[in-house]
1. Residue 82 to residue 67: extension gain in nm, 0.36 nm per residue of separation minus the Cα-Cα distance?
2. For the chain, with a Gaussian network of springs between Cα atoms less than 10 Å apart, report the residue from 86, 14, 66 with the top mean-square fluctuation.
3. Before anything else, pin down the relative contact order of the chain: Cα pairs under 8 Å, at least 6 apart, normalised by residue count, whole percent.
4. Which residue fluctuates the most in the chain, going by a Gaussian network model with Cα springs under 10 Å, if the choices are 81, 24, 71?
5. Across 10 Å bins from the origin, how do the percents of Cα pairs in the chain run, short distances first?
6. Cut-off under 16 Å on the C-alpha distance; same-chain residues fewer than 8 positions from residue 45 excluded. Which aspartates and glutamates are left, in chain and number order?
7. Using R₀ = 25 Å, calculate the FRET efficiency as 1/(1 + (r/R₀)^6) where r is the Cβ-Cβ separation of residue 30 and residue 58; round to 0.05.
8. Given a 10 angstrom Cα cut-off, can you work out which residue in 12, 76, 84 is the most mobile in a GNM of the chain?
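No lab work stands behind these numbers, since they all come straight from the coordinates. Predicted, not measured: the structure shown is a model, and the values here were computed from it. Cβ sites come from the backbone with ideal geometry, for glycine too, and all protein chains shown count toward neighbours.
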Amino acid sequence: MSKIGTRLIKAAQEARAIVRGEITKGFVVHVPDDVDVRALRKKLKCSQSEFSRRFGFAIDAVQDWEQRRRTPDRTARIFLTVIAREPKAVSRALARSN
């Protein structure tokens, strides 16, 4: 078997073990199925436009998420979760450095 084939099989076995709860050490990412964008924005005391500018989202995306016309994709849900837990750190990381 090729090296890539061996690596793929090993990765699949590890993924199965994680799903079964057999692997408990290491870092496992939890991605929420849903994020209440409106509640998060209100918690941060931002208007929709302030929230979108502060964190780099398109204003229409924020509006659509809040109106449930669209749902944030996986990457956006991860970013929104980080914002919910560490908004100041995200703001610092995204600040323009001169």
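1. 3.2 nm
2. Among 86, 14, 66, the largest GNM mean-square fluctuation belongs to 14.
3. 26
4. Largest GNM mean-square fluctuation: 24.
5. All Cα pairs considered, the percentages come to 13, 35, 21, 20, 10, 1.
6. Residue 45 reaches 36, 66, 86.
7. 0.45
8. Comparing 12, 76, 84 in a Gaussian network model of the chain, the most mobile one is 12.
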